[in-house]
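Just so it is clear, none of the values below were taken in a lab; they were calculated from the coordinates. All of these numbers come straight from a predicted model, not from anything done at the bench. Cβ atoms come from the backbone with ideal geometry, glycine included; neighbour counts cover every protein chain shown.
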Amino acid sequence: MADSVVLAFDEERGPFRLTYRRDVPQTDGSSTTLSFDDWFVQIDDKTKYLRGDAAAQESDLAAGLRVVIDAAAVDGKQVAREIKLGPAPK
């Protein structure tokens, strides 16, 4: 498999997306494939954080939480309007 990097931005349908795949050679001659599929949105001073119906803040973000982001196009960029924090998926 060849290394690949794909960058995509679509104002109408979603935020910036980065997908990356790379074969990493191992010392035994085999290789391990690393894959990333990440989404990026801008956060500004109007972005609201919620945990259930209660207000939350950026510092409440933690690894493993389920996060739902409502974003809107602002000046050609996807900006998070609301970030909902929930329990980690089981």
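Taking K77 as the anchor, which lysines have their alpha carbon closer than 24 Å to its alpha carbon, excluding any fewer than eight residues away along the same chain?
Correct list for K77: K46, K48.
Can you tell me the dipole magnitude for the stretch 13-90 around its Cα centre, using point charges on the Cβ only (Lys, Arg +1; Asp, Glu -1), in Debye to the nearest 20?
Here the size comes out at about 240 debye.
Quote to one decimal, in nm, the extra length available between R66 and D37 on full extension: 0.36 nm per residue of separation minus the C-alpha distance between them.
8.9 nm
Quick one: if you stick a label point 7 Å off each Cα along the C-beta vector at T27 and K84, how many nm between them?
Roughly 4.8 nm, to one decimal.
Work out from phi, with θ = phi - 60° and the Karplus expression 6.51 cos²θ - 1.76 cosθ + 1.60, the ³J(HN,Hα) of each residue of the stretch 39-48, listed in order in whole Hz, and give x for Gly and Pro.
Values, residue by residue: 10, 10, 9, 7, 10, 10, 6, 9, 5, 9 Hz.
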